1. Which order do the peptides 62-68, 102-108 come out in when sorted by mean C-beta neighbours inside 10 angstrom, highest first?
2. May I have the extent of the alpha carbons of segment 31-165 along their three principal axes, as whole Å values ordered from largest to smallest?
3. Rg and Dmax of segment 100-165 over Cα atoms: what are they, in angstrom?
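Values quoted throughout were computed directly from the atomic coordinates according to the rules given, and no laboratory measurement underlies them. Since the structure is predicted, the reported quantities are computational estimates derived from the model, not experimental observations. For neighbour counting, all protein chains shown are included, and Cβ atoms are generated from backbone atoms with ideal geometry for every residue, glycine included.
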Amino acid sequence: MSRSLGALTLVGALALVPLLPSAAGAAEAPAAAPVAAVAQLKAAPVGVWNGSVSFPAGEVEARVSFRANGTLCLIAPPPGPDGGVEGQGTWRTTGRNTFTFTVKERFFDGAGNTTGYLRATHRATLRGDRFTTVGEGSFHDAAGNEQDSFPVTSQMRRETRADAC
């Protein structure tokens, strides 16, 4: 099971992109609506991130891409001839330097048959081009029955501001 969980990558991924206008530009531009101003203070998790995801059974390297439309995809580890993992999910900002994301990963064998799933939810804190997360994960068999649940953490670093999904 640790081999399957080892493919877990959640990992994460947001890049804080401050969008507030400069003091000089603010005087020339019309005032933003209150809702827009609040949104500008929040983290914007767009781009490719790589790092490590830790859980009680070990740690794995992961690479994930966050898209501007609120979706994410797992980029690595890539599948091989004996099978692999594919993952996707959603993210949303929760504060100036915080966001959450959920991911579902499907594990499959060399014939493409599903062997299990991983579901995880992460709460992330962004500092520059790095973020850390705490969260919960659960592993499910091919039929969707939960087999195990566990805490997860990750440490990610921004690779690029362009998404790769």
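1. Numbers: 62-68: 22.1, 102-108: 20.3.
Highest mean packing first, the order is 62-68, 102-108.
2. The Cα atoms of segment 31-165 stretch 57, 27, 24 Å along the principal axes, largest first.
3. Cα radius of gyration and Dmax of segment 100-165 are 14.4, 42 Å respectively.
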